[in-house]
Structure formats: C-alpha cells, structure tokens
Amino acid sequence: MALLEEPIKEVKVLKNYIGGEWVESKGEIVDVVNPATMKTIAKVPISTKEEFDAAVEAAKAAFPDWRRTTPLARSRILFRFKQLLEENFEKASRIQTQEHGKTIDESRGETRRGIENVEVACGIPTLMQGYISEDIAHGIDEWCMPTPLGVFGIIGPFNFPWMIPLWSAPYAVATGNTIIIKPSSEVPNSQSFLAELAEEAGFPPGVWNVVHGGRTVVNAMLEHPDIKGVTFVGSTPVGRDVIYRKCGETGKRVIAQCGAKNFMTIMPDCAVDNTIASMMTSFFGNTGQRCLAAANAVIVGEDDDFYNEFVKKVVEAASKIKIGYGLDESVQMGPLRDPAKKQNVVKYIEIGLEEGANLLLDGRKFTIQGDYPDDCFIGPTIFENVRPDSRLGSEEIFGPVMSIMRVKDLDEAIRITNANAFGNGHSIFTQSGAAARYYQYNVESGNVGINIGITAPVAFFPFGGMKDSFFGILHTQGKEAIRFFTESKVVIQRWF
Ligand code: NAD
C-alpha cells in the first residue's frame, strides 16, 4: 500500500510571527497530535502576555504606513497572496487534514472557502468607498468615509484551522488595519503556514502577525488598550462570558460567533434521496465538528410508512460511511480532533440512553481498520424518539450524532426549533415553496437552508447567527466585515 505521507523526520517547534520576524516563544511548549495516527506532528508554544504585547507594539508601529498605503496598492498585495494560496492549495489542505483529522476533500473545501474571502477583499478600492451629499444646507457638503482603526485581534477555533481566521483577516488588512491572529493551539500549523504565505506576498512587517497560545494570550488581547476590536469564533461559554463581556468592559468592538444545535426539518414531500445525501454530509461531515452541522432531524407528518422507510434509509446510508485517515482519498469521515472530544461524544450517547432515546446506530461499536489507534475514531450514531428538551436533543455535542424527532406538522417543527437556545444554521427539506417560505420567515436562525444541509454563506454574504450562537451586531465576511473593520468618519464642510 502506498504511503499516505512521508514519516516526520524532525518535529518542529512553531514560532510566533511578529513584526515580520519568526520569533521563538519562551512559553510552555505542547504537542500538536495528528488524531488519526496519534503521532506528534509539531510543537506549539503557549505564548506569554509579554510576547503578545510585543506583537501589539509591532502591529501598532506598522499601522500608520499601512493606512497610508493606497487601497489599490493594498489590493495588489492581496492579489499576490491569493495567487500564493492557489499555488499552495494542496499543501494547505494536507496540513488541515493532518492536524484536524477531516478528510482531504473536506480540507480542500475549507481551503477554497478561505481563499474566496481573499478574493472578495481584493475589491477593497470600491468596497471601501464612502458617500457624499452636496448642499445638506446652503453651501455645506457632508460625506462619510470609512477609515481603519488600528490593531485588531482574531481568535480562531479548532474546527476550521485555515478558513475561519480568513473570515476576518483579509478584510481587516484590506481596510488598512493591522492584525494579530491567535489560532487554536490544537491546530496551529495552518495559521503558521498562512503567515508564511502572507510574508511572501509582501505584507509589510507588522501588518500580519501570529501569536500562538491559549487563554493568556486571549486575556492579554481583551485587556490591551491598543487592541481596537476582536473577532472570535468558538464556543458559547467563552464567546459570551469571556469575549463579549470583556470587550464591553474595555470598550472594544466585537464579533463573537459561537456554538450551535442545528435542527433540520424534513417534510414528507421532500426529495428523499437528495435529502438523505445532504443529511449524510450535514450530520457526519467534518465528523460532526461544524457549527453548521445538523444535529436534530425533525421528521414532519403522521404517515408511519413514510417515517419508517425514511429512517431505515438514513440508517443504511450512515452505516456505509467509510471512516479512516483523511489523507486516504476514499475515506468519507475522519476521527474526532482528540480523545477528550471522543469521550464527550461517548458521554452524550450514554446520556441519550439514560434519557430513554432509542439507539438505532451505535458509533461506539465501530472499529477502525488498518494500523490506526482508535483514540479519536467513532462511527456515526443515530437516535430516535429524542425529546427536544432533553440534554441529547438540546445541547451542543459537536460530534457525529443524529437525534431524530417526530412532529405532527410544520408549526410544531418550527416551535421546537425556536425553543432551542441556539440559532445558527437551521434548514428545511421540502418541494413546497409555500412551506419553505413559511419556514424561512418564522425560524429563528442566522443562516437558513432550503434543501441545503450546510448553510455556510459564501464570502460575499455575512456569516449569520442568532440567540446563543452570536454576540455582536456586524458579522464576518463581505460588506459587513468591511464595516466592522472601519470607523464611519463624517465630515461636514463649508467654505467662506
Ligand atoms: P473554544 O471556545 O474552546 O475555543 C475558541 C478559542 O478560544 C481558542 O482559540 C481557544 O484557545 C480560546 N479559548 C478557549 N477557552 C478560553 C478561555 N477560557 N478564555 C479565553 N480564551 C479561551 O472553541 P473550540 O472548541 O475551539 O471550537 C468549537 C466551538 O466553536 C463550537 O462550539 C462551535 O459551534 C463553535 N464554532 C462556531 C462557529 C460559528 O461561526 N458560529 C464556527 C466554528 C465553530
């Protein structure tokens, strides 16, 4: 059998990228482990407050010149960056699979979606234009011009190590700000590689910085008076209780995209085979570790024959998913990110059984083929008779677990969906335009899918989120990101 990857000869300790230099950290060093092989693939520093402060100094020093660089010139660097990302597409995708565990095709999708944000930000000369009114009073003109603010912090989660910082970073630098990215320390390689490409693209020293670490760096970011704003993507307890709260206290603008529990409503008139294909990628793609992964399948109607036949087909399809190391092109589902995340999924399966749900497919029974440790692997799991207010039916699990619920009509489906605390990516599968419109109008969700299982907005639309899934006003991506990263300065002019 051909080797999927070269054996690692030397495990490198990642450096921070500060002021255009690759700097060794004095912080504690921890292993980055490939969850499929359980081999250490890199070491990452947990940087100190002082190291973060040094990055702020560098970013602050770079800001005046970068602000003065014309939008057209900034956009030329972004075009070079985009070209380098394309040239390194496959390498970037492999890094994601190795550090996160997702399949190589899922990583390619992630790489592409990340690049698309750079492409959109390339349009900054027109995206950043302001507006003007002549004669708001006799002989007086007034205009509004978006201006950059200074240094921004970008905090990433573990589940999309490459793409998620790119929901913010290209817009932040395109608008003339400077940035410090704090990747998840579980998956730091992607952002180190991205910073190498940013350096090669020609961003001046201090414009694009990366500081590895954990909560010490985050807290330093939230406290630092020269950090003008923060974008955060991660769990609700951290996003709401740490990031949003602290940014309020310290007067920083903030986007906090948080956790989810997504409901997929399935109408009896849905296109069955297409719906089931979408369900497989939505519930089990990325091993369920997506904020837009469906978690609850709400099947509408009182037709027992439809229900039984549909559920049988769902279980059959899930049982056929090929699980393994994501670098193998034939694999359809990789491992969870680490053993603790697997244990968390196992815990929720036990909770589901205690709560009286009916286990139709038990992912714990899966055994990995080939020479791989089973620390992080688990199979797709399907429960039915799940109560929406149970822990299994209401809490974010972040793993490949489907909870099936049955309701009598669309109103009941919407009612139980809206009763959940989260509102990130709910969807409906139906052939009825009227049902789809009724659903889209009434469902409380920042992203809504109509016959779409993963409701991920493209780069020129904002990434939504409601209720416990989002804290803030403006969103990442596209025009809203441009607004977030700029101050609307209004000038009123009169000449005597
Ligand atoms: P997490 O909240 O544990 O970590 C996110 C980031 O915050 C990391 O960089 C981490 O180092 C840092 N952090 C963690 N605990 C902290 C603390 N106590 N103080 C300060 N900083 C802290 O999230 P995660 O496990 O990396 O990511 C999974 C979560 O992200 C899920 O809840 C998922 O739904 C959510 N997510 C949301 C979106 C979205 O767009 N809404 C997208 C992807 C992931």
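Loop sites here are GluC sites (Glu not before Pro) outside DSSP states H, G, I, E and B with no more than 10 other Cβ atoms within 10 Å. The longest part of the chain free of them is 11-328.
Exceeding 31 Å between C-alpha atoms, which entries from my cross-link table qualify? They are Lys322/Lys479; Lys49/Lys261; Lys261/Lys408.
From Lys322/Lys479; Lys49/Lys261; Lys261/Lys408, over 31 Å: Lys322/Lys479; Lys49/Lys261.
Under the combined filter of DSSP loop state and at most 13 neighbouring Cβ atoms within 10 Å, region 379-427 retains these trypsin sites (Lys or Arg not before Pro): Lys408. By the equivalent-ellipsoid construction on the alpha carbon gyration tensor, region 183-318 comes out with semi-axes of 42, 20, 11 Å, ordered largest to smallest. Here is the list for region 401-468: chymotrypsin sites (Phe, Trp or Tyr not before Pro) lying in DSSP coil, each with at most 15 other C-beta atoms within 10 angstrom of its C-beta, are Phe460.
Taking the protein heavy atoms of region 22-69 in the context of the full set of protein chains, the accessible area attributed to carbon and sulfur is 53 percent at 1.4 Å. Note: relative contact order over region 293-429, using C-alpha pairs below 8 Å and six or more positions apart, is 30 percent. Per-residue extension of 0.36 nm, minus the Cα-Cα distance of Asp269 and Met145, leaves a gain of 39.6 nm for this segment.
Rolling a 1.4 Å probe across the protein heavy atoms gives the chain an accessible surface of 42 Å² per residue. Skipping prolines and chain starts, which residues have an amide H placed within reach, meaning under 5 Å, of the one on Ser185, given they are 5 or more residues away or on another chain? Distant-sequence amide H within range of Ser185: Gly213. Looking at the chain alone, DSSP beta bridges between its own residues are antiparallel in about 45 percent of cases.
Surface composition of region 156-288: carbon and sulfur make up 52 percent of the accessible area, probe 1.4 Å. Each eigenvalue of the Cα gyration tensor of the chain, multiplied by 5 and square-rooted, gives one semi-axis; in descending order these are 39, 29, 19 Å. Taking every alpha-carbon pair under 8 Å whose residues sit at least 6 apart, the chain reaches a relative contact order of 19 percent. Extension gain, Lys91-Ser319: 0.36 nm per intervening residue step, less the Cα-Cα distance, totals 79.0 nm.
Three semi-axes describe the equivalent ellipsoid of region 262-450; taken as square roots of 5 times the Cα gyration tensor eigenvalues and ordered largest first, they are 27, 17, 16 Å.
When you restrict to C-alpha pairs under 8 Å that are six or more residues apart and normalise by the size of region 377-481, the relative contact order lands at 20 percent. Taking the protein heavy atoms of region 314-409 in the context of the full set of protein chains, the accessible area attributed to carbon and sulfur is 46 percent at 1.4 Å. Positive contributions from Lys and Arg (+1) and negative ones from Asp and Glu (-1), summed over other residues with Cβ under 15 Å from the Cβ of Ala55, come out at -3.
The values are calculated or read from the model by the stated rules, or taken from the named source; none is laboratory data. Bear in mind the structure is a predicted one, so any value in this text is a computation, not a measurement. A quick note on method: Cβ atoms are made from the backbone with ideal geometry, for glycine too, and the neighbour counts reach across all protein chains shown. To get the accessible areas, we keep the full protein, side chains included, count just its heavy atoms, and leave off ligands, DNA and RNA. Shrake-Rupley method; radii C 1.70, N 1.55, O 1.52, S 1.80 Å.
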